[in-house]
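Asks: Next up is a structure, given as structure tokens.
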């Protein structure tokens, strides 16, 4: 094989995100988990990792592991729930990865699951505000979009961009989502749609915000590659953190946690392949590209508009449409990113013909609280 | 039973920060932290309490139209980052009906205001807000 990986993604399954009023946490979990296990050849699993941010808030359920396991008939493996806000998926994957890296031969199951649509949008906003410091930020009514908007304003001002330049993010993500079978938004968007959408927190409009969706995505992570087909290995990861109190940060136009996390790898300025960024808000996708070191500070929006990050190029960003089009399933979102990157590397439809060898996946907690970045590679 | 969803002790213990912007100043290097921290970046754990200045400059602001359930009646909310003599805080801007008239570096003062109420029978929560000195009418 020639590549030494920490673990291998031997099975994946994603539920098309949406508003599942007819299904609860257990139904979505079972569907994603059982199909992912089946796709990996039903191996024995040593642990079930559950990435969820909202299970007690919208599901009114603590200790959800055994409920989900019993309904799905998965026995003899302990369940471990990981909560780290909308970055739960990436952080659960990091823990699961360390688990399989410590085994000679074995597999674990990771399921990212959340159901924001159990509650109204006002409640969803309140729960999203819990991603901020509840004593000193959300106490006063601030929410993640406030922080993202302040960053967007500073970025557009500092680098002399217009809002129309930022609108390209939403347009490109909708365009990609239209071709992705599991995307929530499957409709292309025009500049007019973006410009006429309601302001959420200026300059950010509705089209700059990823929509809350119910979702479940599952991965089977093993210490040895699946021999039945092309496998995807996880070569490594990096972690980083920023100041928790937003106003105290030195720079409002960079994601310090991403800059820290990517130090685990060689500089990515020559990276060639697939990139998946956690674009809960358009500006965070743009800033992630710069903070990952894929381009210079202040240049991402220009390059995006010039098509540098489009499919077929050297750096292909959010080929599935990102959180903007696939949807923001909170704790599950990072697992969607990882599952999607795996499908893209394997060349599963509609991602066939890309011939990419490697993928960088960036998952972030809130607005630059903590980030984790993974490097995935095809193992031939 | 009183219909109360917010925690009283969670509010009460932060009153020094909410009412008076009480920060911590490191005895070793002099750095000021708001909100307070247990350890300074220089490694020291010894601090003195200081109150942040009541006047500062606006660095950036945004108008939030999609608010949380606790702030539904106050929509829209204006949020700003304000520099209070080198310490930056995030807070609500008030007495500003036309935020588009706010200028960069506008001078603001700290004021004491009602923040939110806990339904019909819970307590009323107070805290600092930020008022542009020249207004924005």
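Bear in mind these aren't lab numbers, they're just calculated from the coordinates by the rules spelled out. Everything numeric here is computed off the predicted structure, so don't read it as measured data. Cβ atoms come from the backbone with ideal geometry, glycine included; neighbour counts cover every protein chain shown.
Asks: Take peptides A:69-80, A:325-336, A:365-376 and line them up by average Cβ neighbours within 10 Å, highest first, as a rough protection proxy.
Replies: My ranking of the peptides, most packed first, is A:325-336, A:365-376, A:69-80.
Asks: Evaluate 2.2 N^0.38 Å with N set to the residue count of the stretch A:222-266, then give the Cα radius of gyration divided by it. Write out the running numbers ahead of the final one.
Replies: On the way: Rg = 16.8 Å, N = 45, 2.2 N^0.38 = 9.3 Å.
Against the compact-globule rule of thumb, the ratio is 1.80.
Asks: Please order A:173, A:103, A:364, A:256 by the number of other Cβ within 10 Å, starting at the fewest.
Replies: Details: A:173 27, A:103 14, A:364 31, A:256 18.
Going from least to most buried by this count: A:103, A:256, A:173, A:364.
Asks: Next question, about the same structure. Restricting things to alpha carbons, find the Rg to Rh ratio for the protein assembly as shown using the Kirkwood radius for Rh.
Replies: Working: Rg = 23.1 Å, Rh = 23.7 Å.
Rg divided by Rh gives 0.98.
Asks: Report, as an integer, the average count of C-beta atoms from other chains found within 10 Å of each Cβ along A:12-19. Working shown, then result.
Replies: Working: counts 0, 0, 0, 0, 0, 0, 0, 0.
Per residue, the average neighbour count from other chains is 0.
Asks: Give the Cα extents of the stretch A:139-253 along the principal axes, in whole Å, largest first.
Replies: 51, 37, 31
Asks: Something else: Could you work out, residue by residue across B:78-86, how many beta carbons of other chains sit within 10 Å of that residue's beta carbon, and then give the average as an integer? Intermediate results must be reported in sequence, preceding the final value.
Replies: Details: counts 2, 10, 3, 8, 1, 1, 0, 0, 0.
Partner Cβ neighbours, averaged per residue: 3.
Asks: Right, another one. Roughly how large, in nm² to one decimal, is the mean projection of the convex hull of the alpha-carbon atoms in the stretch A:273-333?
Replies: 4.0
Asks: Pop out the Kirkwood hydrodynamic radius of the stretch B:1-56 from its pairwise C-alpha distances, inverse of mean 1/r, in Å to one decimal.
Replies: For the stretch B:1-56, inverting the mean 1/r across all distinct Cα pairs yields 12.9 Å.
Asks: I'd like the orientation of helix A:88-101 relative to chain A: the angle between its Cα long axis and the longest Cα principal axis, in ° from 0 to 90, rounded to 10.
Replies: Orientation of helix A:88-101: about 40 degrees from the principal axis.
Asks: Between the stretch A:288-343 and the stretch A:171-186, how many Å separate their Cα centres?
Replies: The two parts, judged by their Cα centres, are 13 Å apart.
Asks: Oh, and also: Give the relative contact order (percent, whole number) for the stretch B:8-132; include only Cα pairs under 8 Å separated by 6+ residues. Display every interim value, and only then the final one.
Replies: Working: 232 pairs, mean separation 27.6, N = 125.
After rounding, I find 22 percent.
Asks: Moving to a separate point now. Based on the Cα atoms of the stretch A:212-295, what semi-axes does the equivalent ellipsoid have, where each is the square root of 5 times one gyration tensor eigenvalue, given in whole Å with the largest first?
Replies: 28, 18, 13
Asks: Here is a further query. Order these peptides, A:213-225, A:284-296, by their mean beta-carbon neighbour count within 10 angstrom, highest first.
Replies: On the way: A:213-225: 26.6, A:284-296: 24.6.
Result, highest mean Cβ count within 10 Å first: A:213-225, A:284-296.
Asks: Give me the Debye-computed log₁₀ of I(q)/I(0) at q = 0.12, 0.29 Å⁻¹ for the stretch A:132-194, equal point scatterers on Cα only, no solvent, two decimals.
Replies: -0.48, -1.06
Asks: For the stretch A:302-345, just the Cα set please: Rg and Dmax, both in angstrom.
Replies: Over the stretch A:302-345's Cα set, Rg and Dmax evaluate to 11.6, 33 Å.
Asks: Pairing the Cα long axis of helix A:144-158 with the longest principal axis of chain A, what angle in degrees results, from 0 to 90 and rounded to the nearest 10?
Replies: Long axis of A:144-158 versus the principal axis of chain A: about 50 degrees.
Asks: Right, next: Expressed as a whole percent, how much of the Cα-Cα distance distribution for the stretch B:1-110 exceeds 17 Å? Spell out each step's value before the answer.
Replies: Numbers: 3855 of 5995 pairs.
Of all Cα-Cα distances in the stretch B:1-110, 64 percent exceed 17 Å.
Asks: So, one more: Helix A:282-291 against the longest principal axis of chain A: what's the angle in degrees, Cα atoms only, rounded to the nearest 10?
Replies: The two axes meet at around 80 degrees.
Asks: Here's another thing I want to ask about it. Binning at 5 Å from 0, report for the stretch A:68-161 what percent of all alpha-carbon pair distances ends up in each bin.
Replies: 2, 10, 14, 15, 15, 13, 11, 9, 6, 3, 2, 0
Asks: So how do A:143-152, A:301-310 stack up, highest first, on mean other-Cβ count within 10 Å?
Replies: A:143-152, A:301-310
Asks: Calculate, in whole percent, how much of the Cα-Cα pair population of the stretch A:1-158 lies beyond 18 Å.
Replies: 65
Asks: Mean separation of Cα pairs under 8 Å and 6+ residues apart, divided by the residue count of chain A: what relative contact order is that in percent? Walk me through the numbers on the way to the answer.
Replies: Details: 913 pairs, mean separation 98.5, N = 380.
Dividing the mean separation by the residue count of chain A yields 26 percent.
Asks: I'd like the per residue volume of the convex hull spanned by the Cα atoms of the stretch A:1-92, given in cubic angstrom.
Replies: 125
Asks: Please give the average number of partner chain Cβ atoms lying within 10 Å of the Cβ of each residue in A:120-132, rounded to a whole number.
Replies: Across A:120-132, the average partner-chain Cβ count within 10 Å equals 3.
Asks: While we're looking at this one, here's another question. If you find the alpha carbon centre of the stretch A:113-165 and of the stretch A:1-46, how far apart are they in angstrom?
Replies: 30
Asks: Fewest Cβ neighbours within 10 Å first, please rank B:129, A:123 accordingly. Let's see the in-between values first.
Replies: Working: B:129 21, A:123 15.
Ordered by Cβ neighbours within 10 Å, fewest first: A:123, B:129.
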